[in-house]
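J.: Before anything else, here's the structure in question.
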DNA sequence: GGTTCGATCAATGTATACGAAAATTATAAT
DNA sequence: ATTATAATTTTCGTATACATTGATCGAACC
């Protein structure tokens, strides 16, 4: 049996991954409109796997399937951004509490510490791109490690949606000093198994970000 | 092809609705295994719309698509039930707070009051089935009216999953007197625009339910 | 000239066909 | 008898064909 090292993903998975990646990076612009056939040709496959991928992406809120008119990339309105962040806030606070409540594996704790360390390095060198990536990974770890798989799944989805917005506004944000400090404090609380503190700090962090977000939305040219 | 009255739904929507209904009612048992062709025949359509519906149901956590082995109805393990309720708890508390914070329309307030009234009637006549339905509608209203569409969507999904469990355990539950009282108090807080009270009461309600759930899970024959 | 109705078109929604991969069964060899 | 291998079958994954339906464009009538 010749099984070389090459990955064998299904067409549907490929389509899903490619489209989601393009949407997150705004290579497919918010509000842009596509026909099934267009995307099928773009991805080098037939309409069938494209449709299946589209159904998933619609469920996750990245696409809208407009009956008889193909797909539209979900627009980021101000309201949408606010709503997404509100949901993410309450899920992440819960995750932080849970994470600190469980006995965490040393390896996992290290992953968290590493992510914070990378955020520090990126902040030092003023690399907004790298900082956003490390921060994204920190938040991902927070929710994935919390021990509730259902929470992790849904929170990850909202995190991705929030990440899309963030990538659009990288250059507009103030130097995120507080994030690093807060995240380090959360990790410390996790290490000490102190759920209340973890929760409180993360809540404060999220509230601060919510205020910063309001300012940001004021300055942005987004539909209401 | 037969045109049955006013139905204008697509096959995919029909398949989605039917399958979900059957799963919620345990007409398709947890853990049961089906081939695409079976379900297609059962629903009187081809595999294509069945597959699309299945993709949606898998996203929502009601089905698992087992590569090359068709679909499996998601099992309700104790862990799953606990996880779902934890997520629902934090989303609903947020919803209760938000709902009380906004200026609510008189019509919408009436809907909430009606739901509670129906719960009271059902409790009085000891109709567990009707009570569960009214309670489900109350929780649905709570999250749908909260003003955050993204929260509403995801919370509704978790509510449906929780509802599946509840329908399986109707006869095992104690007389839910506290639920009615608590829900009435939440509605009152909403009417008075008192988000803190709404949140506190609903949190207490959810915590009580979490404890009752633990007991229930002890007595049930579910996989861990 | 504007509006309405009809014909044509285009794109989806659904069915079906087909190839590939896994599972199963049968067969053969040790 | 047991294991391995080959043949067969089953079912999925994907492509393609087809029919339905909303849209578009034009012509006729007011």
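Read-outs: derived from the displayed coordinates by stated rules, not from any lab. Since this is a predicted model, take the numbers as computed values, not measurements. All Cβ positions, glycine included, derive from the backbone under ideal geometry; neighbour counts span all protein chains shown.
J.: Enter the Cα centre distance for the pair region A:26-78 and region A:8-25, rounded to the nearest angstrom.
T.: 11
J.: A further question follows. Cut-off is 10 Å between beta-carbons; in what order do B:137, A:126, A:97 appear when sorted fewest neighbours first?
T.: Going from sparsest to densest Cβ surroundings: A:126, B:137, A:97.
J.: By how many nm would the segment from residue B:77 to residue B:129 lengthen if fully extended, with 0.36 nm per residue of separation less the alpha-carbon distance?
T.: 16.4 nm is the gain from fully extending residue B:77 to residue B:129.
J.: Here's another thing I want to ask about it. What residues from region B:64-103 fall in the zone where the backbone N is under 14 Å from a label point 7 Å along the Cα-to-C-beta line of residue B:36?
T.: Under 14 Å, as judged by backbone N against the label point of residue B:36, lie B:65-72 of region B:64-103.
J.: If a/c stays under 1.5 just call it rounded; otherwise compare a/b with b/c (prolate if a/b is bigger, oblate if not). Do that for region A:94-177, with a ≥ b ≥ c from the square roots of the Cα gyration tensor eigenvalues.
T.: Since a/c reaches 1.5 but b/c is at least a/b, the shape of region A:94-177 is classed as oblate.
J.: Here's something else I'd like to know. Which value in deg cm²/dmol, rounded to the nearest 500, describes the helix-derived mean residue ellipticity at 222 nm for chain B, given -39,500 (n - 2.57) per DSSP H run of n ≥ 4 and division by the residue count?
T.: Rounded to the nearest 500, it is -23500 deg cm²/dmol.
J.: Order these by the 10 Å Cβ neighbour count, fewest first: A:19, B:99, B:39.
T.: Lowest count first: B:39, A:19, B:99.
J.: Where does the protein assembly as shown land on Rg(C-alpha)/(2.2 N^0.38 Å)?
T.: 1.03
J.: Work out the FRET efficiency for residue A:188 and residue B:105 from their Cβ-Cβ distance, taking R0 = 41 Å, and round it to the nearest 0.05.
T.: Details: r = 46 Å, r/R0 = 1.12.
Step by step, r from the Cβ atoms, then E = 0.35.
J.: When each copy gets a label point 7 Å from Cα toward the beta-carbon at residue A:78, what are the spacings between them in nm, shortest first?
T.: Between copies, matching label points for residue A:78 lie 5.0 nm apart.
J.: I've got another one for you. Using only Cα atoms, locate the centre of region B:111-183 and the centre of region A:111-147, then give the distance between them in Å, rounded to an integer.
T.: 40
J.: Under 10 Å, Cα contacts only: if you run a Gaussian network model on chain B, which one of B:187, B:116, B:66 comes out with the highest mean-square fluctuation?
T.: Greatest mean-square fluctuation among the candidates belongs to B:66.
J.: Here is a further query. Spin-label point model (7 Å from Cα, Cβ direction): what's the residue B:114 to residue A:203 distance in nm?
T.: 3.6
J.: Using a basic spin-label model with each label point 7 Å from the Cα along Cα→Cβ, how many nm lie between residue A:65 and residue B:219?
T.: In this crude spin-label approximation the distance works out to 4.3 nm.
J.: Please check: in the Gaussian network model of chain B (C-alpha springs, under 10 Å), which one of B:67, B:49, B:30 has the largest mean-square fluctuation.
T.: In the Gaussian network model the winner is B:67.
J.: Count, for each residue of A:79-86, the Cβ atoms from other chains sitting within 10 Å of its Cβ, then give me the mean as a whole number.
T.: 3
J.: In addition: How many nanometers, to one decimal and shortest first, lie between the label point of residue A:46 and those of its other copies, if labels sit 7 Å from Cα toward Cβ?
T.: Taking the point 7 Å beyond Cα along Cα→Cβ, the inter-copy spacings are 1.0 nm.
J.: Continuing with the same structure: Grab every C-alpha pair in region A:78-219, bin the distances at 5 angstrom width from 0 up to the longest one, and report whole percents.
T.: 2, 10, 21, 25, 22, 13, 6, 1, 0
J.: Moving on to the next point. So which residue, out of B:157, B:148, B:193, gets the largest mean-square fluctuation from a GNM of chain B using Cα contacts under 10 Å as springs?
T.: Largest GNM mean-square fluctuation: B:148.
J.: With no solvent and one point on each alpha carbon, what is the Debye value of log10 I(q)/I(0) for region A:11-73 at q = 0.25 Å⁻¹?
T.: Evaluating at q = 0.25 Å⁻¹ gives log10 I(q)/I(0) of -1.09.
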